[in-house]
Amino acid sequence: MVVVDLLTIEIILFVVCLLLSGFFSSSEVALISITRAKVRALLNQGRKGAKALDTLKKSTDGLLITILIGNNIVNVAAASLATAIAIAIYGDVGIGIATGVTVILMLVFGEIGPKMYASRNTETLALRVALPILYLSRVLYPVLWVADRIKRQFAFRPGVTEPVVTEEEIKEWIDVGEEEGTIEEEERDMLYSVLRFGDTTVREVMTPRIDVVMIEDASTLENALSIFNETGFSRIPVYHEHIDNVVGLLNVKDVFSAAFRQQTSATIPSLMYEPYFVPESKKIDELLKELQVKKQHMAVVLDEYGSFAGIVTVEDMLEELVGEIMDEFDEEEPEVQQVEEGVYLVDARAWVEHLNEDLELFLPLTDAYESIGGLVIDRLGHIPRRGEVVKIEESNITLVVMQMRGRRIVKVKLIIASQNAPGEAR
């Protein structure tokens with residue numbers, strides 16, 4: 001018969017407590033670190049332990065309380081056992097020895113080592129420990145129930161919770177994915193476009209009225225065919241008497257069909273269909289859904305006063321996601337072209353805010369304008385002539401009007417003064 005003395009039992013129990021301390025410490029890191037999105041992916045893959053992991057992640061507070069209770073119990077037990085062992089071997093002086101040895105062992109084997117391991121093997125460890133922790137949480141249910149009632153009683157904002165994942169965090173993950181090579185630069189740009197899509201307004205993507213090709217309802221079908229042939233457009237707005245009075249949209253298919261069948265009685269009013277009017281402040285994600293339901297490809301944009309502001313097409317909105325969509329009638333020309341170091345040729349319709357972001361500039365922003373052409377007119381106080389110069393002293397930038405079309409600015413040269421000679425124009 002093997003007789004085991006009390007000291008041996010205490011040493012065995014101390015080692016067990018030390019191992020359990022490491023178990024709870026590693027479990028805390030693994031279970032708290034793993035994201036809900038990752039848990040869903042593991043659940044869809046049918047991984048062993050994924051169901052228990054999903055159940056635990058539904059109540060993070062209960063999970064944390066369970067681990068803390070278990071960890072504190074084994075830590076206190078380990079400290080008590082270490083003290084008893086030290087006193088049995090060294091007498092009263094053993095208390096100090098037990099304290100030093102316990103702290104070192106707990107730090108190395110109960111905290112630092114397990115947590116470092118968990119941080120490097122989060123997914124594997126989370127699946128392994130999920131079921132034991134779930135069973136323990138059920139054993140501790142009365143304690144968790146009391147903690148939940150206390151939390152509800154003293155909650156500062158009951159019913160209000162922070163989102164699990166914010167848009168900024170998603171952007172950070174996208175950047176991390178690009179840095180690590182799992183996401184390509186083009187994919188990153190598209191993902192960012194998706195996140196911006198819901199915040200983009202019609203005003204930002206529409207074709208302004210000054211650039212819209214229109215036709216009067218009194219015009220002939222021959223005129224309409226000529227416009228379609230010259231522009232390559234498939235749809236154009238129809239106005240009555242003045243351009244602010246948009247009364248319809250004309251489709252090239254209808255005009256061509258009438259001309260092919262030689263329907264001499266056909267007129268533009270008889271062929272056009274009713275336009276869909278939207279405010280320029282409308283979000284494009286909402287508008288895209290509405291146009292899909294109405295089976296239309298173009299909407300007429302109105303400003304806050306109800307005047308015609310421009311048009312927006314499905315293509316305009318999709319280009320916010322996938323970039324410029326070119327066809328055989330489009331001539332590709334970038335909005336910003338670098339001529340030389342510090343000198344750019346810019347489309348006058350380019351937004352000042354976007355130029356500041358893309359070129360890392362500090363052009364002034366006000367409610368009086370949005371585009372770089374608007375900034376030029378705002379500073380000059382009149383419709384400019386080709387060659388006029390605007391100096392933005394506070395931004396160390398010079399703007400030169402390069403091309404005009406009637407009263408509209410088409411191209412602007414943007415010159416960034418060198419740092420060592422801020423007042424010198426290039």
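Every number here is computed from the coordinates shown, using simple stated rules; none is lab data. Model, not experiment: these values are computed from the prediction. Backbone-built Cβ (ideal geometry, glycine too); neighbour counts: all protein chains shown.
For residue 410, nonlocal amide neighbours, meaning residues 5 or more places apart or on other chains whose placed amide H falls under 5 Å from its own, are 403, 404, 405. The amide H of residue 248, built 1.01 Å from its N in the peptide plane, has 238 as neighbours under 5 Å, considering only residues 5 or more places off or on other chains.
Among the trypsin sites (Lys or Arg not before Pro) in the range 364-399, those located in a DSSP loop and surrounded by at most 10 other Cβ atoms within 10 Å of their own Cβ are 385.
Legend: residue pairs 253/295; 38/171; 391/413; 58/151; 48/171; 282/411, Cα-Cα distance threshold 20 Å; pairs beyond threshold, 48/171; 282/411. Label point of residue 241 set 7 angstrom out along Cα-Cβ; within the range 285-315, amide nitrogens under 17 Å from it belong to 307-308.
The C-alpha atoms of the chain define a longest principal axis, and helix 122-139 lies at about 60 degrees to it. The order of 260, 277, going from fewest to most other C-beta atoms within 10 Å of their C-beta, is 260, 277. Think of each Lys and Arg Cβ as +1 and each Asp and Glu Cβ as -1; about the Cα centre, that makes the dipole of the range 202-322 roughly 480 debye.
Mind jotting down the distance between the C-alpha centroids of the range 365-385 and the range 226-305, whole Å? Each part reduced to its Cα centre gives a spacing of 31 Å. Going by neighbour counts of Cβ atoms within 10 Å, the residues 182, 220, 102 line up, fewest first, as 182, 220, 102. Relative to the Cα centre, the charge distribution of the chain, modelled as +1 at Lys and Arg Cβ and -1 at Asp and Glu Cβ, gives a dipole magnitude of about 2300 debye.
Give me Rg/Rg_expected for the range 64-108, where Rg uses Cα atoms only and Rg_expected = 2.2 N^0.38 Å with N residues.
On the way: Rg = 12.0 Å, N = 45, 2.2 N^0.38 = 9.3 Å.
Here the Cα radius of gyration is 1.28 times the empirical estimate.
Counting only GluC sites (Glu not before Pro) that sit in a DSSP loop (anything but H, G, I, E, B) with at most 11 other Cβ atoms within 10 Å, what is the longest stretch of the chain containing none of them?
On the way: sites that count: 180, 184, 241, 304, 324, 328, 331, 332, 341, 360, 424.
With a cap of 11 other Cβ atoms within 10 Å, the longest stretch comes to 1-179.
The ellipsoid that matches the Cα gyration tensor of the range 6-154 has semi-axes, each √(5λ) in whole angstrom, of 33, 18, 12, with the longest given first. Rg/Rh for the chain (Cα atoms only, Rh after Kirkwood) is 1.22. Dipole of the chain (Lys/Arg Cβ +1, Asp/Glu Cβ -1, origin at the Cα centre): which of 202, 414, 231 lies farthest to the positive side? In the chain, that residue is 202.
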